[in-house]
Amino acid sequence: MLTVGVDLAAEPEGTALARIEWRDGQAVVLDVTRRADDAAVLAALAEADKAGVDCPLGWPDEFLRFVTAHQAGAVPLPPGGTAPGWRRALALRVTDLVVREQTGVTPLSVSADRIGYVAMRCAVLLAELARQGRPVARDGTGPVAEVYPAASLKIWGLSHRGYKRPADPAALERLMAELTVQTPFLQQGSFAGLCRRSHDAADALIAALAARAAARGLTLRPRDSAEQAAARTEGWVAIPLAGTRLSQLP
């Protein structure tokens, strides 16, 4: 089985890819690539048995309704007037709220944060992938699942904060050392050094591990019909099930 992890950015400069082959209880990192352009991302997604993409696959349904109403000049008065709480439904998707409930980590808002630029690129890439004959289900049931490395790391019991801060490069090295201890089945080879130096590369590797968890049914699925409906349009983050460990992936 081949899993691919994509740490997507708005431009190739911050985009990284990782490919992991799984066989006979072992996993081999085939490559980790930085500065991946659209062609490289599409090629990786096309060949993967399961891919994990670190990027929102959709926008909040309430946000889209709000923007449509605004375009028509008919924005309704929010319940409770203009108290700040009404904006939460526009800023966070159902899956974002579930991630926060399960992990205490809140994903960036795709409608109110710069991650929206990344989601625009992702939407175009997935549309092209569909045109090439591999449509993507935003709920993660198809070949691509949305993943969130920080939440995955927390559930797996690894360091999940601070490893991207330029002022503390040792934090990334500590995280990768922890990951290596917990994944004796994973042969990182010559790519281990890159993942210790680049958080983009590290996130791509973690995304590929999260893709494996999704493929093995070790991630949280929508729990009721409302979450299922939202997942189909807004996207759904495949976070590991509580209590699962990296040792269950091979």
The chain, helix-only ellipticity at 222 nm - DSSP H runs n ≥ 4, -39,500 (n - 2.57), divided by all residues, nearest 500: -12500 deg cm²/dmol
Charge dipole magnitude, Cβ of K and R +1, D and E -1 - segment 8-138, Cα centre, debye nearest 20: 360 debye
Highest-MSF residue in the chain out of ALA130, ALA36, ALA145 [GNM, Cα springs under 10 Å]: ALA130
Sorted peptide list for 9-18, 104-113, criterion being average Cβ within 10 angstrom, highest first: 9-18, 104-113
Accessible carbon and sulfur surface of the chain relative to its total accessible area, %, 1.4 Å: 54 percent
Net +/- balance of residues flanking ALA229 in space, Cβ distance below 10 Å, scoring K and R +1, D and E -1: -4
Surface per residue (accessible, 1.4 Å probe) for segment 107-178, Å²: 49 Å²
Packing rank of 137-143, 51-57, 21-27, 123-129, where each peptide gets the mean count of other beta carbons within 10 Å, highest leading: 51-57, 137-143, 123-129, 21-27
Trypsin sites (Lys or Arg not before Pro) restricted to segment 176-250 and DSSP loop, no more than 10 other C-beta within 10 Å: ARG223
Selection from GLY73, ALA91, ALA27 lying farthest towards where the dipole of segment 21-118 points positive, charges on Cβ: GLY73
GNM top mover of TYR148, TYR117, TYR163 - the chain, alpha-carbon springs below 10 Å: TYR117
Within segment 1-84: Cβ-based charge dipole about Cα centre, in debye rounded to nearest 20 (Lys, Arg +1; Asp, Glu -1): 200 debye
Mean Kyte hydropathy of -0.5 or more with a Cα span along the axis of at least 30 Å, helices from DSSP in the chain: none
Gyration tensor (Cα) of segment 2-132, equivalent ellipsoid semi-axes in angstrom: 35, 17, 12
Per-selection metrics, the chain (Cα): Rg and Dmax in Å: 18.1, 60
Rounded Å value of the spacing that divides the Cα centres of segment 7-34 and segment 173-214: 9 Å
Summed side-chain charge close to ALA145 - residues other than ALA145 whose Cβ falls under 12 Å, Lys, Arg +1, Asp, Glu -1: +1
Around GLY157: net Lys/Arg minus Asp/Glu count, Cβ-Cβ under 13 Å: +1
Test item: Cα-centred dipole of segment 153-228, Lys/Arg +1 and Asp/Glu -1 on Cβ, debye: 60 debye
Choice from ALA89, ALA167, ALA48 with maximal GNM fluctuation in the chain (Cα, 10 Å cutoff): ALA167
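The values are calculated or read from the model by the stated rules, or taken from the named source; none is laboratory data. What you are looking at is a predicted structure, and each value in this text was computed from that prediction instead of being measured. Using ideal geometry, Cβ is built from the backbone for each residue, glycine included, and neighbour counts are taken over all protein chains shown. In case anyone asks, the SASA skips ligands and DNA or RNA and just uses the protein heavy atoms, side chains included. Shrake-Rupley method; radii C 1.70, N 1.55, O 1.52, S 1.80 Å.
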